[in-house]
Structures are given as structure tokens and as C-alpha cells.
1. When the accessible area of the chain is computed with all protein chains present and a 1.4 Å probe, what percentage of it is carbon and sulfur?
2. Which whole-Hz couplings ³J(HN,Hα) result when phi for each residue of segment 354-366 is put into the Karplus expression 6.51 cos²θ - 1.76 cosθ + 1.60, θ = phi - 60°, listed in order with x for Gly and Pro?
3. Can you give me the angle between helix 515-532 and the longest principal axis of the chain, using Cα atoms only, in degrees from 0 to 90, rounded to the nearest 10?
4. Okay, helix-only estimate at 222 nm for the chain: each DSSP H run of n ≥ 4 adds -39500 (n - 2.57), divide by all residues, round to 500 deg cm²/dmol; what do you get?
5. Give the angle, between 0 and 90 degrees and rounded to the nearest 10, that separates the Cα long axis of helix 318-331 from the longest principal axis of the Cα atoms of the chain.
6. If the reach is capped at under 20 angstrom between alpha carbons, list the lysines near residue 305, excluding any in the same chain fewer than eight residues apart.
7. Determine the equivalent ellipsoid of segment 89-221 by diagonalising the alpha-carbon gyration tensor, then write out the semi-axes as square roots of 5 times the eigenvalues, largest first, rounded to whole Å.
8. Would you mind giving the average projected area, over all directions, of the Cα convex hull of segment 404-458 in nm² with one decimal?
Amino acid sequence: MNELKADYVVVGAGTAGCVLSARLTENPHASVLLVEAGARDRHPYIHVPAGFLRLLEHPSITWGSRTRPHADTDHRELVFPRGRGLGGSSSINGLLYVRPFPHDIDDWAAAGATGWDYASSQPYFARSETWPHGEHPRRGKRGPIHVTRVSNPPPVCDKVVDAAREVGYEFLDDPNADTRGPAVFYYQQTRRGRFRSSAARGYLQPALGRDNLRVLTGTDVVRVLLEGGRAVGVEVIRPDGQTVRVRAEKEVILSAGVAGSPAILERSGIGDPDVLAAAGVATQVPLRGVGRNLQDHYVARVCFKLKDIATANERASGLALLKEIARYVTHGDGLLTYSAALVGLYGQTQYAQRPDVQFVVAPGSFRSGRIGELEKEPGISVGCWQMRPESRGEIHITSRDARAQPVIDPRYLSADLDRRTLVEALRMARGLFEQPGLRALVVQETVPGPAARDDAGLLAYARANGGTVYHGVGTCRMGQDGAAVGGPGLRVRGVAGLRVVDAAVMPNVTSTNTNATVLMLAERAAELIERGHAGAGEARAAGAALAA
Ligand SMILES: Cc1cc2nc3c(=O)[nH]c(=O)nc-3n(C[C@H](O)[C@H](O)[C@H](O)COP(=O)(O)OP(=O)(O)OC[C@H]3O[C@@H](n4cnc5c(N)ncnc54)[C@H](O)[C@@H]3O)c2cc1C
């Protein structure tokens, strides 16, 4: 077998892996080898914002994952998209830029991730972004990810904002404000001009010319190589099928995402011995928390057919679409710059003391409420999802084969609170469209429709038609208890020279969309890693709050 080596081997070029690779190679004395299973990010739908709708089940740009069927979601196999290729999920996501609520991160610290409080995380959010809309004390000026306001939203969006204000929601100019009660707002997007601002474009591309960064695409990481309790590299399969060892002089960093990172740990013999034995892997380091604590947001949509107002539906096909393409090419705006939603609401049900549901409003509608082809006539959809679900699931391997998919079992709606909250959220979304300004535009509610009137009907609809909001986290949770996979320094317990840095380490899912938080996490981790390998004095300074 051939051998490649670098100081740091980073596994996965997704949101976190791109941040780490770019930041660690700012030091000319450190070298990084970034290993990514997917390809370069050349597909045009990656870069045109609205293209994300066409990528959710793309055969090569995603992993094509499905969830394990479960009674609580009507025994369906749900699509569980994960990006594959440079940029990872940041190359296929819905572009919504939403920072966590302060208490989300403070809750991590309280759960054992000492030092990961909101106040000390703030500078890392700003470091990752460029905010072009003027001076702002909490927003970044020179960061790699460009965050912009939605441009030219269609008039139906203002109607939703007005209706929300009528029922008592405050209008928030900035959905990322520190204080956020029940509120309506326009989303902000990870977009630079007309193009998506992915982690690959923002962080990795400017670093590609550096001599100390090497990127291997089309290369699957099989497992971490362990010698005497230390991670010394990884075993990979190159595009030609050759198995190669990649040596890490300093550290192996897993940034393979919520499913990839636990799967690699398990294939390396790090995990629950029972799970490993069932998959035919010998246990090297027993760690029962690997793959557990999976959390995700689960969405169900209310859709309406509208009249007397333009929506995205009519502009998404035929001559109207050609006009939108021309507008995009000449002016860089219009339909093709839309993100997953344009207007959002933080709502609060009777079950919480602070906002606990997010409503994502898109000026377009889908048959059966599931993302797919837009309907032809004017329509609108409101996705409803609980921010802090109690349901917990798992992701585990069932085979040693690196190319076999792990089993993803989120167990959505398995907690009673989650079911009650979602039912109330669906009612609240309906309530919004009963306000005079919107009611005058509604022809009919298409889904769930009049048959789903009572709680049982709404729950049955949510079970049969809901799906992931794509915010899977938590499968390599940091903490200090026996089931935590890593400590606050993100080092895997019981193995030297090995960290996990990605969405998998979050102890709890944030109340919001997760990409901004992963950017923060990786920015902070890069500093921690870099300073940990600097002089002892500096290491002490950086590590004071986040001991490994
Ligand atoms: C469809 C979709 C829409 C979303 N919409 C939004 C949104 O609008 N706003 C928001 O804030 N968040 C959104 N998210 C969530 C957000 O994008 C993710 O939380 C974030 O990108 C996760 O980053 P990560 O680094 O943990 O993992 P990823 O970005 O998923 O990166 C993991 C990388 O590791 C690679 N990998 C995995 N296994 C291996 C292996 N064995 N060998 C080599 N490479 C491997 C993968 O190919 C991938 O490139 C969305 C996610 C998806 C999937």
C-alpha cells in the first residue's frame, strides 16, 4: 500500500471540514490532507440558490440516505439528504442563515460542554461571515461566508408579515438578534450576489493554492488507524479502488457529518461493543454513546391555493421560467435566488415559555405538502417544526463495508411532547391564514385540507406527510458523562490524536437551522487545535475554557 501523510488529516469536506482545512493551513508550518468521498462542486444547481430543490435526492451529490421505517411516521422510509462532495451539506442546503438562540448554546455548557456558552461563541459567528448591509456590532465584515438579506420577495410575503403582526408577532428586522420572542421576519441567506456561499466556495477555494493543503476527492475513508491507543491516520479507498493509508503526524479530525463520523468511529472499533459485534467489528475502544442521541427537526406543511396574487408556482415552468432565467442572468435576482423559505416565524405553543416552533413560509406549494414539483396555480406553504424536540434516535453501521450505508433511525414523533407541539403548530399556521389580509386571497387549504380538523386528523397527516428539516445532529455528543463521545475539547475519549468536529458533536440540536452553528463550532475548533499544538503557554491560554 502507498502512504500519504500530513500533520492533520481532516475527513469530510463539508461545512466543518472546509472551515478546518482553510483555517489550519493559514499557518504555513502546518499541513492538512482533506479527504472527501464525493466530487468537486461543479454541478450548476449547487451554485444557483433555487437549485437546491433539485439536489435533495441527487444520486452523486448526496448519499441517497433513507431512514428506517417507524410506526410514528407511518412506516415510511424518509429521505434523509446529506451532501456529498466539496462543501458537503453546505453545497445542497436551503441557504437559510439562522444563528442559534443564546440559550441553545448555554444549554450545551450546562449539559457538560464546559466553555461552549453563547457569549464566548459570539466572536466565531462573526469571524465566519461577511455581512454587507452596514456596520453591526455582532456581524462580521471580512468572513468567508457571505450572508445577505432576501432580495425582492414577492408581495405575498408582505401579506404574511402583515397577518403575523395582526395576531401579535413582533416584526424582527434581524432574525439573528440576541433577543427573540415570538416574531415574524425575512430570512437571511448564505448567498454572495447571485451564487450560493457554501463552505467550499467561501473557505476552501481560496485556500486551494496553498502548498500545505492537499485535497483528495472521490476517496472514501474506511476507518481510523489506531496504534497503541493513538490515532495515527486513516485507511481510504481511492477512486481506482486501491486501499491506501494516510498518515497523520498530529491529529485525525473527523468532520464526516452526523452519519459519517459515527460510522467511521464504529468501523474503527470505537463504539458500543454490542453494535460493533453485530456489524462484525472487533471493539478497540468501548464508547456506548457513539451513534446515539440523534436529534433532528421534523416538518409538516400547511399549503393553500391562492388567487389574485403572484407566487413562485406560476413562475417555475414554461415561458415564465425562461423569463426568470433571463432575469437571473442579467440582474442576478428573482425566483432563482430564492432559498428554502423567504419569511419565517418563531412561534410559541402552550407547551413552552419561549418560542418552540419555527414556521418556514415559501411563496410556492407542493402537492401532498412534500417537497417536489411546485403546483401550477398560485399557492403558498408554511412548514411547521418544533425547535427543541424530545425524540432521540440513532445511527449505526451494520457492516464493516465502508460503502454500505449506516442505518439512520431518527424516531421522529416518538415523544408525546413532539406530537402535541406539532399539532398545535399546524393549527397556528392555519390561524395565520384566517387573518383578513390573507383570508381574502385563499381559495382553499389544499393540505392537510378539511378532512383533518381534529387533533387526531392533524397528527395522522403529520405522520403520513412530514419529513426531515435536514438538521441531524448529536451522534458524537460532547459532554463529561460516561455516554459522551468527546469532551469539550472535542477529543474522542480513550483515543489520543482523534477529534470529531461537525454537527455530530452538538449535545442538543439548536432551536434553529444548524449551518451557522456548525460554522461557529469549526471556527472555534480550528483555533483550539492550532493553539493546542503551539507552545505550552499559548495552549494553556486557548484551552482554559475548553479543556480537551
Ligand atoms: C438538504 C439540506 C438542507 C439544509 N438546509 C439548511 C438551511 O437552509 N440552513 C441551515 O442552517 N442548515 C441547513 N442544513 C443543515 C446544514 O447544512 C448542516 O447542519 C451542515 O452543513 C452540517 O455540516 P457538517 O460539517 O456536520 O457535515 P456535512 O456538511 O454534511 O459534511 C460531511 C462531509 O463528509 C463527507 N463524508 C462522509 N463520510 C465520509 C467518508 N467515509 N469518507 C470521506 N468523506 C466522507 C461527506 O461527503 C460530506 O462532504 C441543511 C442540510 C441539508 C442536507
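1. Working: 10110 of 20220 Å².
Looking at the chain in its full context, I get 50 percent from C and S.
2. Coupling constants for segment 354-366: 8, x, 9, 9, 10, 10, 10, 9, 10, x, x, 9, 10 Hz.
3. Result, in degrees: 20.
4. Numbers: 13 runs with 136 residues, N = 548.
Here the helix-only value at 222 nm equals -7500 deg cm²/dmol.
5. The answer is roughly 60 degrees.
6. Within reach: 159, 376.
7. Details: eigenvalues 182, 94, 40 Å².
Three semi-axes, in Å: 30, 22, 14.
8. The Cα convex hull of segment 404-458, projected and averaged over all directions, gives 5.9 nm².
The values are calculated or read from the model by the stated rules, or taken from the named source; none is laboratory data. Note that this is a predicted model, so its numbers are computed, not measured. Cβ: placed from backbone, ideal geometry, glycine included. Neighbour counts: every protein chain shown. Heavy atoms of the whole protein, side chains included, go into the accessibility calculation; ligands, DNA and RNA do not. Shrake-Rupley method; radii C 1.70, N 1.55, O 1.52, S 1.80 Å.
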